[in-house]
Each structure stands twice: as structure tokens, then as C-alpha cells.
Amino acid sequence: MVKVNEEIDDLLLAEEIAEWMKVSVITIRRWTSSGFIPHVRIGQRMVRYRKKDLDSWLNKRSTSGRQNRIPDVMIPVK
């Protein structure tokens with residue numbers, strides 16, 4: 001069982017997440033308000049992020065470049 005103090009220590013700020021992900025704080029806030037990125041609401045306005053939730057979210061979204069390409073056999077030859 002995780003202690004409350006340990007769980008609170010794992011909560012990160014939008015600024016920390018932005019720096020870690022190399023995006024702007026505005027992007028993190030936009031993703032948060034749209035529900036795109038996992039977050040924890042503490043009250044109505046305070047938002048924090050769990051690193052383990054973000055790691056899992058990124059892993060699910062990760063793809064290799066080849067998965068998104070159209071296979072060569074599908075490209076019509078003229």
C-alpha cells in the first residue's frame with residue numbers, strides 16, 4: 001500500500017511536466033483542460049500530474065515510424 005506522503009511527493013506541476021516533455025506550459029494546460037493528458041484535480045483549480053500515469057500514457061501513445069507509413073505495396077505505380 002502506498003503511503004499518502006509518498007503519493008503526494010509523486011505529484012508534479014505543469015511546469016515540471018512541460019520541461020520534462022519539452023513542450024510549453026500552455027500546451028500542458030490545454031491538454032489538461034481537454035482531458036488529453038492524465039491529471040489529478042485537487043479542488044476546483046489545482047491540478048497535478050503523476051509521473052507514473054504520464055509514463056504509462058506515453059508508452060500507450062508510442063509508435064515506431066514504420067507503423068504509420070503506407071506499405072510500399074499499397075502505393076500505386078504509374
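Brief remarks follow.
- Order of I17, I42 - criterion: other Cβ atoms within 10 Å of each residue's Cβ, fewest first: I42, I17
- Neighbour-limited loop hits for chymotrypsin sites (Phe, Trp or Tyr not before Pro), segment 18-60 (at most 14 other Cβ within 10 Å; DSSP other than H, G, I, E, B): F36
- For segment 23-60, applying the loop criterion from DSSP together with a ceiling of 14 other beta carbons within 10 Å to the trypsin sites (Lys or Arg not before Pro) yields R45.
- Over segment 4-58: Kirkwood hydrodynamic radius from C-alpha pairwise inverse distances, Å: 11.4 Å
Throughout, read-outs are computed from the coordinates displayed, never taken from laboratory work. The structure displayed is predicted, hence computed values, not measured ones. Quick reminder, even Gly has a Cβ in these numbers, built from the backbone with ideal geometry, and neighbours come from all protein chains shown.
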